[in-house]
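A short worksheet on the structure shown next.
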Amino acid sequence: MKLFYSKQKAGNFGDDLNAWLWARLAPDLLDSAPDVSFSGIGTVIGPRMTGPGPWIVFGSGVGYGPPPRGFGGEDWRVVCVRGPVTARVLRLKPELACTDPAILLSALPEFAPVADGERHGVVFVPHHSALERGAWAAVCERAGIEYLSPQTDSVEVVKRLRTARLVIADAMHAAIIADAMRTPWIAVRTSREISTLKWCDWTLSMGLRYAPVELPASTAREAVRSNALHLWGRDYACHDASLGGLEWHFWRDAWRKTRWWWSLRRRLGKNLYKVIDAIEGRWRKGEDEGRLDAAAKVLADLARRPGTLSDASVGARHTARLLRELRALEAQYADVRARA
């Protein structure tokens, strides 16, 4: 099968789990049916899903654009999706909502949760977009906590989150992995580019509430970028986190992205931001020391909090279901190979 997932040029650990997790869990499945595309971990159900089918959707979610053309037709097999928001947006049966399949990391023996006595340190993992103008490594140094780049090799990220005492998560998959490893975590938000919809999709699937702590911008240029995100359609914050509110937010965004003027607006908005950044961002650079200290204080305060975890029974139920569905797929395609 052809794995379909988001590939960042510099790497992004959550997406990069796809490159090895499925091969560990179901190697025979991936070796079968070369014409089938398999979509697993990630916010990838959208217009980038092009080309002929068949397609298998196994725990993916919506968030960054309208559904692909023909979604749900005869070329699509939706085994499950990431959570209730994705199921509602796509008009799927509620029972097709599961959780993010990164939870399956806990099914691998080497990633079984460790005892509390083996845990050490507080780890902060920013969203990859925060690296563009932020200085979060410097903030963490001042706060006395560990900085873990989202561009770090995904295996190493899982290993570190597994043994942390607490994870402060701007990147959603840092929280998902931490929760699967039974490491307490705290959700934060470095900017409005962090998607409320995708976080709620996952937290609702786990019986949790998404209430991120807002982090102050770590640099003047990061503040400028954050305030300008709406200019080119990168503002994914949603004030109404109900299912209905998130559905409306999704379809409003999807509608705009199908209009003839959208690409023009995005290009003009990005160019306008570059002008503002060149003038205001550099002019206000003298504020950076104060901003670093302010952000470090917030992180240091968070490091003393207890963190949260989902109910273990919820994760166990989702893990069992995903493994059962994965084994059913393996059996089906083993029969296909046998008949070929």
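Observations
- Options 309, 65, 55, ranked by Cα towards positive dipole end of the chain, top entry (Cβ charges): 65
- Only Lys, Arg (+1) and Asp, Glu (-1) charged, at Cβ; the chain dipole about Cα centre in debye: 920 debye
- Helix 312-339 vs. the chain, principal-axis angle (Cα, 0 to 90°, nearest 10): 50 degrees
- Using alpha-carbon coordinates, inclination of helix 262-276 to the longest axis of the chain, degrees: 30 degrees
- The overall shape of the stretch 80-236 is oblate: from the C-alpha gyration tensor, with semi-axes ordered a ≥ b ≥ c, the ratio a/c is 1.5 or greater and a/b is no larger than b/c.
- Sequence-separation-based contact order of the chain, relative, with Cα cut under 8 Å and 6+ spacing, percent: 18 percent
- Only helices enter the 222 nm calculation for the chain: every DSSP H run of n ≥ 4 contributes -39,500 (n - 2.57), and dividing by all residues gives -12500 deg cm²/dmol, rounded to 500.
- Sequence of 100, 301, 277 once ranked by neighbouring C-beta atoms within 10 Å, starting from the fewest: 301, 277, 100
- Put in order of Cβ neighbour count within 10 Å, fewest first, the listed residues 64, 333 become 333, 64.
- Considering only GluC sites (Glu not before Pro) in DSSP loops that have at most 13 other Cβ atoms within 10 Å, the longest stretch of the chain without any of them is 133-340.
- Bridge type composition, the chain - antiparallel percent by DSSP, nearest 5: 5 percent
- Left without a cysteine partner by the 4.7 Å Cβ rule in the chain: 140, 200, 238.
- 0 to 90° range, to nearest 10: angle between helix 196-205 axis and the chain longest Cα axis: 50 degrees
- Unit charges on C-beta of K, R, D, E only; dipole of the stretch 158-275, Debye: 540 debye
- Of the trypsin sites (Lys or Arg not before Pro) found in the stretch 219-273, the ones in coil according to DSSP and having at most 13 other Cβ atoms within 10 Å of their Cβ are 259.
- Three-way shape label, the stretch 173-216, alpha-carbon gyration tensor, a/c 1.5: oblate
- A value for P(r) over Cα pairs in 20 Å bins from 0, in percent was derived from the coordinates, and within the list [x] 30, 58, 12, 0; [y] 27, 52, 18, 4, 0; [z] 26, 41, 25, 8, 0 it appears as [x].
- Values of log10 I(q)/I(0), in the order q = 0.11, 0.13 Å⁻¹, for the stretch 201-295 under a Debye, Cα-only, solvent-free model: -0.48, -0.65
Every number in this text was worked out from the coordinates using simple rules, so none of it is lab data. All values derive from a computational prediction rather than experimental measurement. When we count neighbours, we look across all protein chains shown, and the Cβ atoms used for this are built from the backbone with ideal geometry, even at glycine.
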